[in-house]
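Colleague: Below are the structure tokens for one structure; questions will follow.
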Amino acid sequence: MQAPSILTKLRRPQNRNMAKEKIQEKTKIEPKFFAGTGRRKTAVARVFMWDEKGEFTVNGKDINEYFPSEKEQIAWTRPFHILGVSHPKAKFKASIKVAGSGKAAQLGAVTHGISAALSVMNEEYSVALRKQGLLTRDSRMVERKKPYLHKARKAPQYSKR
């Protein structure tokens, strides 16, 4: 058996466990934000949430300006109320980018994205949100139009003569 050369001794760390620990320390980085993606019909919402006091913005506007009605505000705050947070702006900050479909589907996508971001933040949150059905994507989509039909199922009027 040949003795290891000087070069191999220099390259090898003295204690392999110490090298593994150093690598693990470097990979353990505390995330700056928590991301979640929400979808509804053709709307897609990308939610970036921080665990600090701040504003919720949707496409650069305040969320209450983007979704002004009371029903819409109840819908996007629902994930927080399930977790026992009555004022989400006092505890969280979020930046949301939403595109596609209409306002109603965008609201559903935002709610789904917020729920996904909260479940990434804490495993206990995901259990409560899943129980309420907020982590399940609503798979209902518009049916495609078929050839020789006016819409997906509407056929042209039948003419006997």
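Colleague: Mind checking which residues of region 31-53 are in contact (Cβ under 8 Å) with a residue 40 or more places away in the chain and over 24 Å from residue 138 (Cα atoms)?
Modeller: 50, 51, 52, 53
Colleague: If you scan region 46-64, which residues turn out to be among the polar types (S, T, N, Q) and in a strand (DSSP E or B)?
Modeller: 57
Colleague: Six or more apart or on different chains, Cβ atoms under 6 Å: show the pairs whose first residue is in region 126-140 and under 15 Å from residue 45 (Cα atoms) and whose second is in a loop (DSSP other than H, G, I, E, B) and open to solvent by 30 Å² or more (accessible area, probe 1.4 Å).
Modeller: Sorted first by the residue in region 126-140, then by its partner, the list stays empty.
Colleague: Next up: Filter region 125-161 for residues that are farther than 30 Å from residue 38 by Cβ and open to solvent by 90 Å² or more (accessible area, probe 1.4 Å) and give the result.
Modeller: 148, 150, 154, 157, 158, 160, 161
Colleague: Answer yes if at least one residue in region 109-124 is surrounded by fewer than 14 Cβ atoms within 10 Å (Cβ to Cβ), part of a helix (DSSP H, G or I), over 15 Å from the mean Cα position of the chain (by Cα) and at pLDDT below 95, and no otherwise.
Modeller: Yes - at least one qualifying residue is present in region 109-124.
Colleague: Continuing with the same structure: Which of the residues that make up region 125-153 are under 19 Å from the mean Cα position of the chain (by Cα) and acidic (Asp, Glu)?
Modeller: 138
Colleague: Output yes when any residue across region 99-106 is buried (at least 17 other Cβ atoms within 10 Å of the Cβ), in contact with a Phe, Trp or Tyr (Cβ under 9 Å, 6 or more places away or on another chain) and part of a helix (DSSP H, G or I), and no when none is.
Modeller: The answer is yes; a qualifying residue exists.
The values are calculated or read from the model by the stated rules, or taken from the named source; none is laboratory data. No experiment lies behind these values; they were computed from the predicted model shown. In this analysis, Cβ positions are derived from the backbone assuming ideal geometry, glycine residues included, and neighbour counts consider all displayed protein chains. Areas reflect the complete protein model, heavy atoms only, side chains present, ligands, DNA and RNA absent. Shrake-Rupley method; radii C 1.70, N 1.55, O 1.52, S 1.80 Å.
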